[in-house]
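One structure is given here, and the rest of the page talks about it.
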Amino acid sequence: MPADTAAPGPEQAYFDALADGRFMLQHCDDCGRSIFYPRALCPHCGGSELSEREASGRGTVHATSVVRRRPEQGPPYNVALIDLEEGPRMMSRVETIAPEVVRIGMAVTAVIDRSGDDPMVVFHPAESSS
Amino acid sequence: MTGLRGAASIVGAGTYGLGEAPGLSELEITAGAVQAALDDAGLRPSDVDGVFCASMTFNMGSLTLCEYLGIAPKFSDSSMIGGSSSLAHLLTAMMAIATGQCDVALVAYGSNQRSMSGRLVSTSRPDPFESPYGPRQPITSYALAASRHMHEYGTTREQLAEVATAARAWAAMNPDAFLREPLSIKDVLNSRPISDPFTVRDCCLVTDGGGAVILTSPERAHDLERPPVPVLGGAMAHWHRAITNMPDLTVTAASDSGPRAYAMAGVSVDDIDLVQVYDAFTINTIMFLEDLGFCAKGEGGAFVEDGAIAPGGRLVVNTNGGGLSCCHPGMYGIFPLIEAVRQLRGDCGERQQSNPEIALAHGNGGLFSSQVTLILGADGTI
Ligand SMILES: [Zn+2]
């Protein structure tokens, strides 16, 4: 490893934290904005002083679709874009409700899904969702 | 950039293997289109000294195509920005001609995507932040944008379907179109659902096919056989790659490329006689008509209602039938360009418009990502 190189990189660090049960967002110490997906430089200001903070997990559905399959391929499932409380947007799924009743504007909460090969952030309807 | 207005003219255009071309390789399809474009221009491969080619299946596309055709170019470019690549190539070719890097440029594309169905291997690394959620790409990305447009502006399922029925009505007049039988709004809504709100009829075709255009200086163009089509304006823009990072899911970078292309051409939206836009999905046409200034943001759904972009409607859009009904071999960008050229030269038979002077060709690439707008003129507009 060259002396000027820090490892793991932001992408590996994100997935390492997720494996430890923590959903982390980068925070730019220069402009104060949150960053997702994790990067080496802030895409807002170019700053490189980035720190990791645990996400609140609170979000809002920004856009939603239902991926339909032939019956033998399995049931339909949700794919959504979630606006995180901290500002960034991410692709995810809203689970525990039927995929077609996911609505834009719905309040959701992040959960780390460990059912697959790799942990991933999914969302459930928020408890206090009106 | 206004100095580039009219710096090059399209002198040949050709297509090959549109629809189903089983037994042909991608290069054979591409070469067929090149042959057709060169024949159209009255030129030979040895006249070409600039080659522009991107590919879905081999990188270094210009190297591959030049070797195949026996061309040793002075300038070439294989830049890959998705489905708008061919239109971006035209812009680069124009700059190369204007600065003396080459004299006769070939822009070519071809694919056997339909015949190779299931055997095309993606060369792109899966997005670690999207692929785990199983979006059916690219369809789901455009579906997410459509969901947002419907939410913010009240765009309806029926309005999306109008785009598909209009494209089909144009395709009925194009013998080269892959699907030509009548299509109703009800047909679109009742087709197989793919990724809400889209059914299969909101989605572009998967076909084989190739296209090519030949570009040269205006001086040389006048010595050739066909009426030259001067490139009056052109501009590109992109703001994101993945749909998650599109700044506003209802506004594409066409809202930037379009005005700059108009400014270079010295035209306004009212001067455009016909519009050929990359309709990968029904939402594309609606958002591009908004972003290119044919209606206000959010009014695209209402704009296309009641056959407004079908034959006999208020705006002439996608006269070949578009990616929805004519052809869509992986990347469609060169085909709206070729249709614009053919309309401006009067080659379009039953669907030919009456003496159009200014045409817009717009390409889209990635996931509503790269946008390239070109303004073309009929012979005599420079
Ligand atoms: Zn910053």
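The values are calculated or read from the model by the stated rules, or taken from the named source; none is laboratory data. Treat the numbers as computed from the prediction; the structure is a model and nothing was measured. Glycine also receives a Cβ, built like all others from the backbone with ideal geometry; neighbour counts cover every protein chain displayed. Protein only, heavy atoms only, side chains kept; ligands, DNA and RNA dropped before computing areas. Shrake-Rupley method; radii C 1.70, N 1.55, O 1.52, S 1.80 Å.
Points worth noting:
- Members of region A:13-28 that are in a strand (DSSP E or B) and away from the ligand (no atom under 16 Å from the Cβ): A:24
- A Cβ distance below 9 Å, combined with a sequence gap of six or more or placement on separate chains, defines the contacts here; from region A:35-49, residues that are outside the structural domain of residue A:14 (by TED's automatic domain parsing) reach no residue that is open to solvent by 20 Å² or more (accessible area, probe 1.4 Å) and near the ligand (Cβ under 8 Å from one of its atoms).
- Residue check, residue B:193 open to solvent by 10 Å² or more (accessible area, probe 1.4 Å) and more than 14 Å from every other protein chain (Cβ to nearest Cβ): no
- Considering each residue of region A:55-68 in turn, none proves to be surrounded by 20 or more Cβ atoms within 10 Å (Cβ to Cβ), within 16 Å of the ligand (Cβ to nearest atom) and part of a loop (DSSP other than H, G, I, E, B).
- Tally of residues being within 16 Å of the ligand (Cβ to nearest atom) and open to solvent by 50 Å² or more (accessible area, probe 1.4 Å) across region A:69-102: 2
- Residue count, region A:29-43 (criterion: near the ligand (Cβ under 9 Å from one of its atoms) and open to solvent by less than 40 Å² (accessible area, probe 1.4 Å)): 2
- Condition met for residue B:208 (within 14 Å of another protein chain (Cβ to nearest Cβ), surrounded by 17 or more Cβ atoms within 10 Å (Cβ to Cβ), more than 30 Å from residue B:382 (Cβ to Cβ) and touching an Asp or Glu at 6+ places or on another chain (Cβ under 8 Å)): no
- Screening residue A:4 against (1) more than 11 Å from every other protein chain (Cβ to nearest Cβ); (2) within 16 Å of the ligand (Cβ to nearest atom); (3) open to solvent by 10 Å² or more (accessible area, probe 1.4 Å) leaves a single unmet condition, (2).
- Filtered residue count, region B:6-26, keeping only those that are surrounded by fewer than 21 Cβ atoms within 10 Å (Cβ to Cβ) and at negative phi: 5
- Scope region B:241-290; condition surrounded by fewer than 24 Cβ atoms within 10 Å (Cβ to Cβ) and within 23 Å of residue B:207 (Cβ to Cβ); matching residues: B:274, B:275
- Scope region B:65-83; condition surrounded by 19 or more Cβ atoms within 10 Å (Cβ to Cβ) and either modelled with pLDDT under 95 or part of a helix (DSSP H, G or I) (or both); matching residues: B:65, B:66, B:69
- Residues that are more than 10 Å from chain A (Cβ to nearest Cβ), in contact with a Lys or Arg (Cβ under 9 Å, 6 or more places away or on another chain) and open to solvent by 10 Å² or more (accessible area, probe 1.4 Å) within region B:126-164 comprise just one, B:153.
- Residue A:52 passes every criterion in (1) touching an Asp or Glu at 6+ places or on another chain (Cβ under 9 Å); (2) away from chain B (no Cβ under 14 Å); (3) within 16 Å of the ligand (Cβ to nearest atom) apart from (1).
- Some residue of region B:31-40 being farther than 18 Å from residue B:334 by Cβ, surrounded by fewer than 20 Cβ atoms within 10 Å (Cβ to Cβ) and not hydroxyl-bearing (Ser, Thr, Tyr): no
- Scanning region B:297-330 for residues being in contact (Cβ under 8 Å) with a residue 12 or more places away in the chain, open to solvent by 10 Å² or more (accessible area, probe 1.4 Å) and more than 21 Å from residue B:181 (Cα to Cα) gives a total of 7.
- Output for region A:81-107, where each listed residue is part of a strand (DSSP E or B) and more than 8 Å from chain B (Cβ to nearest Cβ): A:82, A:83, A:84, A:94, A:107
- Single unsatisfied condition, residue B:224 versus (1) away from chain A (no Cβ under 12 Å); (2) within 22 Å of the chain's Cα centre (by Cα): (2)
- The residues of region B:89-114 that are open to solvent by less than 10 Å² (accessible area, probe 1.4 Å), part of a helix (DSSP H, G or I) and touching a Ser or Thr at 6+ places or on another chain (Cβ under 8 Å) amount to a single one, B:89.
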